[in-house]
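What follows is a single structure, and I will ask about it in a moment.
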Amino acid sequence: MAVVIDEEACMGCESCVEICPDVFKMDDDGEKAIVIKPDSTDECVEEAIDSCPAEAISQE
């Protein structure tokens with residue numbers, strides 16, 4: 001399963017980056033989060049999904 005962010009839904013709150021910095025980072029503009037390790041099985045991914053206020057993160 002791959003970790004995915006819906007870029008249109010992302011609000012840029014950075015909560016996923018704070019929770020799971022090995023998997024997420026902010027884009028070059030600092031406006032949206034992007035996935036840098038889509039095949040991650042880190043435990044923090046589920047916490048990042050649950051904490052996203054825009055519900056923009058999923059696993060497909």
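Identify all residues within the range 3-31 that are touching a strand residue (DSSP E or B) at 6+ places or on another chain (Cβ under 7 Å) and aliphatic (A, V, I, L, M); write none if there are none.
Val3, Val4, Ile5, Val17, Val23, Met26 - these are the residues of the range 3-31 that are touching a strand residue (DSSP E or B) at 6+ places or on another chain (Cβ under 7 Å) and aliphatic (A, V, I, L, M).
Checking the conditions here, which among Ala9, Ala48, Ala54 is of a type in the set (A, V, I, L, M), at negative phi and not in a loop (DSSP other than H, G, I, E, B)?
Every option except Ala48 fails the conditions.
Residues of the range 1-33 being out of contact with any Phe, Trp or Tyr (no Cβ under 7 Å at 6 or more places or on another chain) and among the β-branched types (Val, Ile, Thr), which ones? Working first, answer last.
To start, the set of residues in the range 1-33 that are out of contact with any Phe, Trp or Tyr (no Cβ under 7 Å at 6 or more places or on another chain) comprises 1-15, 18-32.
Val3, Val4, Ile5, Ile19, Val23 - these are the residues of the range 1-33 that are out of contact with any Phe, Trp or Tyr (no Cβ under 7 Å at 6 or more places or on another chain) and among the β-branched types (Val, Ile, Thr).
Which residue pairs have Cβ atoms closer than 6 Å, lie 6 or more positions apart in sequence or on different chains, and pair a first residue in the range 21-36 that is β-branched (Val, Ile, Thr) and surrounded by 13 or more Cβ atoms within 10 Å (Cβ to Cβ) with a second residue that is part of a loop (DSSP other than H, G, I, E, B) and modelled with pLDDT of 95 or more?
Val23/Lys37; Val23/Ser40; Ile34/Asp27
The values are calculated or read from the model by the stated rules, or taken from the named source; none is laboratory data. The structure displayed is predicted, hence computed values, not measured ones. Cβ atoms come from the backbone with ideal geometry, glycine included; neighbour counts cover every protein chain shown.
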